[in-house]
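Here is the structure we will look at.
Please treat every number below as a calculation from the coordinates, not as lab data. Everything numeric in this text was worked out from a predicted model, so none of it was measured. Cβ sites come from the backbone with ideal geometry, for glycine too, and all protein chains shown count toward neighbours.
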Amino acid sequence: MANDNLHDLRAFVAVARERSFTQAAAKLSVSQSALSHTIRGLEERLGIRLLTRTTRSVSPTVAGERLFQNLGPRFEEIEAELTALGELRQQPAGTIRITATDYVANTILWPKLQKLLRDYPEIKVEIAIEYGLIDIVAERYDAGVRSGDQVAKDMIAVRIGPDGRMAVVGTPPYFTRRPAPRTPRELTEHNCINLRLPTRGGLYAWEFEKGKRKLNAHVEGQLIFNDTYQMLNASLAGFGLAYVPQDLAQPYIARNRLKRVLDDWCPPFSGPHLYYPSRRQITPAFALVVEALRYCGQQKRRRELNCPQDY
């Protein structure tokens, strides 16, 4: 009976997580009808409804949500522990899921992970491009990347890059048609390229700071993207001003293909940090990924962290 309960509870967690019998059945490699029968049997034994079913959706009841919130992390911990035990007798292996912006993925994650993946072919890495501040536990990511001041206190954070700055840029021909803005408020007179934040549903407000003054500018323009590189490309094509990481725009600024404005309104910001739950079971594969990404920008810092010289 105990084994049956564990099997049925695992099935319930899968449905509650996926919000779909079809998707949960596929992950568990069982038929949809068999999974539905399992859930009905569990509800009958417990004497309480765990899921609300409609023709289009499945969602936990109050009791189901409570059970899911308590069971979900425990099943993940058990699976992680079994994976870790298996890795004690073989090469580090497993899939590591990381969510990050396209800029971080291209400039930090991919360059640093290439050597690791060549050395450890059994390690798989999935990188999902996200701009919103998503719940990595609920979305089943192993780790996420945010600037240091955005990491929640209950997370472990590991710096993976230096502090940065943003830059407002446009092409020299663009500024022959419109005068360069001297303050963020003058951006209302310009064609600005917007960034859509999918998980929030809105447009990113450009963030500025000068001394004690802070200002969020809601800009307007012809183009909206959810990708930093497309914003930069649109600006290079003369379609307006873009607000992008400074080091991404710097090669074009140096060649006079882009001109920077509002420089004194763009202060430094905390660099990117890889973060993950403090209660997470650290597998050998995950530990290797963390060390490969760890940032050691100075010799003193390198000695403190005992980082390899080529990191």
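The eigenvalues of the Cα gyration tensor, multiplied by 5 and square-rooted, give region 205-279 an equivalent ellipsoid with semi-axes of 24, 17, 15 Å from largest to smallest. Counting only Cβ charges, +1 for Lys and Arg and -1 for Asp and Glu, the dipole size of the chain around its Cα centre is about 780 debye.
Cross-link pairs exceeding 30 Å in C-alpha to C-alpha distance, out of K112/K153; K115/K210; K27/K124, comprise K115/K210. Residue-wise HN-Hα couplings along region 223-228, as the Karplus relation 6.51 cos²θ - 1.76 cosθ + 1.60 with θ = phi - 60° gives them from phi, are 10, 9, 10, 10, 8, 4 Hz; Gly and Pro carry x. Shown in residue order for region 103-114 are the 3J(HN,Hα) couplings computed by the Karplus curve 6.51 cos²θ - 1.76 cosθ + 1.60 at θ = phi - 60°: 4, 5, 4, 7, 9, 10, 4, 5, x, 7, 8, 4 Hz (x for Gly and Pro). Placing unit charges on each Cβ (+1 for Lys and Arg, -1 for Asp and Glu) gives the chain a dipole about its Cα centre, and among L241, Q91, A152 the Cα reaching farthest toward its positive end belongs to L241. From least to most packed, judged by other beta carbons within 10 angstrom and beginning with the fewest, I129, I78 follow the order I78, I129. The residues packed around L293, meaning those with a beta-carbon under 13 Å from its beta-carbon, carry a net charge of +2 if Lys and Arg are +1 and Asp and Glu are -1.
For region 2-86, the equivalent ellipsoid built from the Cα gyration tensor has semi-axes of 21, 15, 13 Å, listed from largest to smallest. Phi angles across region 9-16 convert, under the Karplus curve 6.51 cos²θ - 1.76 cosθ + 1.60 with θ = phi - 60°, into 3J(HN,Hα) values of 5, 4, 5, 4, 4, 4, 5, 5 Hz, Gly and Pro given as x. Summed over qualifying helices (DSSP H, 4 residues or more, each -39500 (n - 2.57)) and divided by its residue number, the chain shows a 222 nm mean residue ellipticity of -11500 deg cm²/dmol. Largest GNM mean-square fluctuation across A249, A16, A100, computed for the chain with C-alpha springs under 10 Å, falls on A16.
Among S29, A287, L51, which residue has its Cα positioned farthest towards the positive end of the charge dipole of the chain, with +1 placed on the Cβ of Lys and Arg, -1 on the Cβ of Asp and Glu, and the dipole taken about the Cα centre? Toward the positive end, the furthest listed residue is A287.
In the chain the Cα-Cα distances spread across 10 Å bins starting at 0 as 5, 21, 25, 21, 16, 9, 2, 0 percent of all pairs.
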